[in-house]
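Q: Sending over a structure as structure tokens; questions will come in a sec.
The values are calculated or read from the model by the stated rules, or taken from the named source; none is laboratory data. Computed from a prediction, not measured in an experiment: that's the story for all the values here. Cβ coordinates were reconstructed from backbone atoms using ideal geometry, including for glycine residues, and neighbour counts include every protein chain displayed.
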Amino acid sequence: MLKIWGRANSINVQKVMWVVGELDLDYERIDVGGKYGGMDSPELLARNPHGLIPVIEDNSATVWESHAIVRYLAAQYGDGSLWPSYPAARSTADMWMEWAQTVLQHGFIQLFWNLYRTPVEHHDHALLADLTAKCADNFTQLNRVLGKQPFITGDQLTYGDIPIATQFYRYFTLDIERPSVPNVEAWYERLTKNAAYAEHVMVPYEDLRATIVP
Ligand SMILES: N[C@@H](CCC(=O)N[C@@H](CS)C(=O)NCC(=O)O)C(=O)O
């Protein structure tokens with residue numbers, strides 16, 4: 001059976017779990033990381049030399065890096081649905097996954113860590129204003145694209161949507177200033193009714209609050 005190592009409130013694990021739920025795969029998830037520890041255990045290091053989550057094992061395949069896992073599961077189990085048949089559609093999905101990794105999540109994770117995971121007395125207000133503005137720019141760009149189509153690659157949900165939309169739950173539930181992004185908000189609203197998204201991405205994150213002291 002497919003095995004996933006990683007705590008449920010890790011955003012990178014959530015990308016993987018959303019795909020698992022979307023494709024209705026049987027799985028076993030093992031809590032590792034955060035309050036569960038185990039990051040330097042021989043079991044984890046044997047599967048991911050970098051000692052990070054998520055990691056999966058599926059038959060003979062061991063895969064780490066959330067986006068590589070999302071692609072693997074989509075290719076293996078989602079042919080024609082999450083995994084588009086045409087290379088051109090897959091390259092669109094890939095472009096947006098790169099953007100999600102290097103721009104959208106990169107910006108949002110810094111905001112999340114400096115705002116939510118850092119105790120209030122250590123907040124750097126100038127930095128927070130800058131990070132909030134960068135996120136606003138990124139979500140505004142996304143909003144423009146979603147004005148033309150319901151999903152990032154076109155008319156249907158593909159693996160290219162997963163890393164982007166996994167950010168939405170925290171972005172829209174944090175106490176921050178946000179620009180008006182009606183197309184993104186409408187997509188998030190639709191996703192809140194998607195069973196796999198609701199179960200695996202809309203995971204409370206209260207126990208991450210103020211856990212990092214600079
Ligand atoms: N680029 C990697 C990042 C992996 C990563 O940073 N994972 C975090 C969780 S989101 C981790 O292992 N943190 C240690 C912990 O949870 O204790 C990926 O996308 O999988």
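Q: Contact list please: Cβ distance under 7 Å, first residue in region 51-75 and on the phi > 0 side of the Ramachandran plot, second residue surrounded by fewer than 20 Cβ atoms within 10 Å (Cβ to Cβ), pairs at least six apart or on different chains.
A: Short answer, once both residue conditions are applied: 51/39; 51/40; 51/45.
Q: What number of residues in region 170-192 are of a type in the set (Gly, Ala, Ser) and either closer than 21 Å to residue 18 by Cβ or crowded, with 17+ Cβ neighbours inside 10 Å (or both)? Before the answer, list the steps.
A: Taking region 170-192 and keeping what is of a type in the set (Gly, Ala, Ser), we get 180, 186.
Filter once more, keeping what is either closer than 21 Å to residue 18 by Cβ or crowded, with 17+ Cβ neighbours inside 10 Å (or both): 186.
Residues in region 170-192 being of a type in the set (Gly, Ala, Ser) and either closer than 21 Å to residue 18 by Cβ or crowded, with 17+ Cβ neighbours inside 10 Å (or both): 1 in total.
Q: Write out, first by first residue and then by second, each pair whose Cβ atoms fall under 7 Å of each other, whose residues are 6+ apart or on separate chains, and whose first residue, in region 189-214, is without any contact (Cβ under 8 Å) to a residue 12 or more places away in the chain while the second is outside any loop (DSSP other than H, G, I, E, B).
A: 192/198
Q: Go through region 52-80 and give me each residue that's surrounded by fewer than 17 Cβ atoms within 10 Å (Cβ to Cβ) and at pLDDT 95 or above. Can you show your working first?
A: Quick first cut of region 52-80, residues surrounded by fewer than 17 Cβ atoms within 10 Å (Cβ to Cβ) only: 57, 59-62, 65, 68, 75-76, 79-80.
Within region 52-80, 57, 59, 60, 61, 62, 65, 68, 75, 76, 79 meet the criteria.
Q: Which strands (runs of 3 or more DSSP E) sit wholly inside region 9-69 and have at least 2 residues that are in contact with a Leu (Cβ under 7 Å, 6 or more places away or on another chain) and outside the structural domain of residue 94 (by TED's automatic domain parsing)? Don't jump to the end; show me each part of the working.
A: Numbers: elements: 27-30, 55-58, 61-64.
Counting at least 2 such residues, we get 55-58.
Table: residues versus (1) more than 15 Å from residue 71 (Cβ to Cβ); (2) near the ligand (Cβ under 8 Å from one of its atoms).
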| position | (1), (2) |
| --- | --- |
| 16 | no, no |
| 20 | no, no |
| 26 | yes, no |
| 32 | yes, yes |
| 42 | yes, no |
| 45 | yes, no |
| 48 | yes, no |
| 52 | yes, yes |
